[in-house]
Amino acid sequence: MAPPPPPPAARPLLASHAAVQSAASHAASARLGRLAGDHHPPQVAALRRGDWVKLICGASFEDAADVRNLSLVYTLAGVDCIDCAADASVVGAVNEGIDVAASIVPAVQRPWVMVSVNDDCRDLHFRKAEFDPEDCPPDCSKPCEKVCPADAILLERVMIEGEHSQSDPSCGKLEGGVIMERCYGCGRCLSVCPYDRIRAMSYVRDPAMTAELLKRNDVDAIEIHTTGKGTDMFNTLWSNLGESINNVKLIAVSLPDVGDSTVNLMNAIYTTMQSHLQGYNLWQLDGRPMSGDIGRGATRETVSFAVHLSSMSNRPPGFYQLAGGTNSYTIESLKKAGLFQSTTFPASGVTDCQQAFIGGIAYGGYARKIVGRVLRKIQAQFGYARIEDHPDYLLEALQEALSLVGPVKGYPTLPSL
């Protein structure tokens, strides 16, 4: 199947913005015939071709301003799905970003909006760091603040009234702490605290609130994170979601590789879902959670997970997608494994002429990092702002997003802007 052309990225961001107009016209000219001959919804067609791209805003990331701007940029870049916290305000922020992208480029494909929930409080995606800054020594070097990839920890040293020395860091205290809406639970601060003062506070999303979200017409999909430690808690959550599950187009299950029992676990979960499965289903192969921004090696586990499953003949029906450690090196690793947009399974040589085995890639920490660099520039100059109000920065962010989405989608190389 031929790769799709890119979306008409950012056509009229600013009428006089020649660089953006150039990028838009180049992308728009390649977009014709994207879905020729394929009668599936565009998101499903992408999964069948193997060029589906999902943006993971973060199951616990609830900074609505950032979520909005990320959603706007990656919608313009042509993602198929945006995954976010199962929170009404966050869902609203995602849809606002999508709407603004559509107002900029009316022909843009509207991505599916997915909400993430968990069946087990032990899932690493559903936790927040917590500590009391008054417990921290005033002369602490604050390694937690430095290591946080989400800028979710802010500590300021203040002098205690009456102290004799402004230059002595031990004369004062720290104020601030964790910015809860920005913390997404990566856990990197836990190991670097020299005083072991940081705790991880885990939680489970309320299934009743999730069920209400699924009734909205601007929520298209749900992702259920399961730890792979049996199916009892999954079955309970599935039962609690009830008929609301019938309102979505796609049901995804995110799970880790638990070795030889993985396929049996997946089949057991599929059996639970099957009686109420009215839409499509997807398996998210979660390699090394929340690590894609760390470096090249972070992507190995999810690719190894895919290789493992490709050799199993009894895996359950559905689309398969990578996540957990995905970054700019993931495609290279998939190609080396013979699994990038491939309908042939390397281990067996069997070919599925209907669809690619790996339907696509979900990008989280790395996707937020490369666009987040631009968002931080805007915040440094203007505070929290709507990115579309700063076309030069929007163009810069869009170029970063296209550098990640484009290789999966097979976009032609944009001209120099």
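The values are calculated or read from the model by the stated rules, or taken from the named source; none is laboratory data. Since we're looking at a predicted model, the values are computed, not measured. Don't worry about glycine lacking a Cβ; one is built from the backbone with ideal geometry, like all the others, and counts go over all protein chains shown. The accessibility values were calculated without ligands, DNA or RNA, using every heavy atom of the protein model including side chains. Shrake-Rupley method; radii C 1.70, N 1.55, O 1.52, S 1.80 Å.
Just the number, please: percent antiparallel of the DSSP beta bridges in the chain, rounded to the nearest 5.
Values: 11 of 47 bridges.
Roughly 25 percent of the beta bridges in the chain run antiparallel, per DSSP.
Which residue, PHE319, VAL253, ILE56, has the largest displacement toward the positive end of the dipole of the chain when charges sit on each Cβ (Lys, Arg +1; Asp, Glu -1)?
In the chain, that residue is PHE319.
First measure r as the distance between the Cβ atoms of SER275 and ALA88, then evaluate 1/(1 + (r/R0)^6) with R0 = 30 Å and state the FRET efficiency to the nearest 0.05. Walk me through the numbers before you get to the answer.
On the way: r = 29 Å, r/R0 = 0.96.
E between SER275 and ALA88, to the nearest 0.05, is 0.55.
Which residue fluctuates most in the GNM of the chain (Cα springs below 10 Å): TYR280, TYR320, TYR366?
Looking only at TYR280, TYR320, TYR366, the biggest GNM fluctuation is shown by TYR280.
What size of dipole, in debye to the nearest 20, comes out for the range 116-262 about its Cα centre when the only charges are +1 on Lys and Arg C-beta atoms and -1 on Asp and Glu C-beta atoms?
On the way: 16 positive and 26 negative charges, 61 e Å.
Here the range 116-262 has a charge dipole of around 300 debye.
Mind checking the angle between helix 232-241 and the chain's longest principal axis? C-alpha axes, 0 to 90 degrees, to the nearest 10.
Orientation of helix 232-241: about 80 degrees from the principal axis.
Quick one: length gained pulling GLU175 to ASP135 fully straight, 0.36 nm per residue minus the C-alpha distance? Walk me through the numbers on the way to the answer.
Details: separation 40, 0.36 × 40 = 14.40 nm, distance 1.00 nm.
Using 0.36 nm per residue and subtracting the Cα-Cα distance, I get 13.4 nm.
Which residue, MET159, LEU241, TYR195, has the largest displacement toward the positive end of the dipole of the range 129-263 when charges sit on each Cβ (Lys, Arg +1; Asp, Glu -1)?
LEU241
Rounded, prolate or oblate for the range 224-265? Axes are the square roots of the Cα gyration tensor eigenvalues, ordered a ≥ b ≥ c, and the cut-off for rounded is a/c under 1.5. Could the numbers behind the result be given before it?
Details: a/c = 3.09, a/b = 1.84, b/c = 1.69.
Judged from the Cα gyration tensor, the range 224-265 comes out prolate (a/c at least 1.5, a/b above b/c).
Which residue, PHE131, GLY185, SER310, has the largest displacement toward the positive end of the dipole of the chain when charges sit on each Cβ (Lys, Arg +1; Asp, Glu -1)?
SER310
Using the Cα gyration tensor of the range 355-417, with a ≥ b ≥ c the square roots of its eigenvalues, what is the shape: rounded (a/c below 1.5), prolate (a/b larger than b/c) or oblate (neither)? Numbers along the way, then the final one.
Working: a/c = 3.37, a/b = 1.78, b/c = 1.89.
Oblate, since a/c reaches 1.5 and b/c is not below a/b.
Determine the relative contact order of the chain: mean sequence separation of Cα pairs under 8 Å and six or more apart, normalised by residue count, in whole percent.
Across the chain, relative contact order equals 19 percent.
Let me make sure I get this right: for the chain, a, b and c are the square roots of the gyration tensor eigenvalues over alpha carbons, sorted descending. Under 1.5 in a/c it's rounded, otherwise prolate if a/b > b/c, else oblate. Which is it?
Details: a/c = 1.80, a/b = 1.26, b/c = 1.43.
Here the chain falls in the oblate category.
How large, in percent, is the carbon and sulfur part of the accessible surface of the chain at a probe radius of 1.4 Å? Numbers along the way, then the final one.
Numbers: 8690 of 16960 Å².
The computed percentage sits at 51.
Starting from the residue with the highest accessible area, list HIS39, HIS276 in decreasing order, probe 1.4 Å.
Details: HIS39 180, HIS276 70 Å².
Heavy-atom accessible area, descending, gives HIS39, HIS276.
What does the accessible area per residue of the chain come to in Å², with a 1.4 Å probe and no ligands, DNA or RNA counted?
On the way: 16960 Å² over 417 residues.
Per-residue accessible area for the chain comes out at 41 Å².
Place a +1 charge on the Cβ of each Lys and Arg in the chain and a -1 charge on the Cβ of each Asp and Glu, then give the dipole magnitude about the Cα centre in debye, rounded to the nearest 20.
On the way: 37 positive and 46 negative charges, 305 e Å.
My answer is approximately 1460 debye.
Show me, for the range 117-131, the HN-Hα J-couplings you get by feeding each phi into the Karplus relation (A = 6.51, B = -1.76, C = 1.60, θ = phi - 60°), rounded to Hz, glycine and proline as x.
Coupling constants for the range 117-131: 9, 9, 9, 8, 5, 7, 5, 5, 6, 10, 7, 9, 6, 8, 6 Hz.
Can you give me the relative contact order of the range 124-267 as a percent, contacts being Cα pairs under 8 Å and 6 or more apart?
On the way: 205 pairs, mean separation 35.7, N = 144.
Contact order relative to length: 25 percent.
Multiply the residue gap between ASN235 and MET209 by 0.36 nm, knock off their C-alpha separation, and tell me the result in nm, one decimal place.
Numbers: separation 26, 0.36 × 26 = 9.36 nm, distance 1.76 nm.
7.6 nm is the gain from fully extending ASN235 to MET209.
Once you charge only the Cβ atoms, +1 for Lys and Arg and -1 for Asp and Glu, what is the size of the charge dipole of the range 266-417 about its Cα centre, to the nearest 20 debye? Could the numbers behind the result be given before it?
Working: 13 positive and 10 negative charges, 60 e Å.
The dipole of the range 266-417 has a size of about 280 debye.
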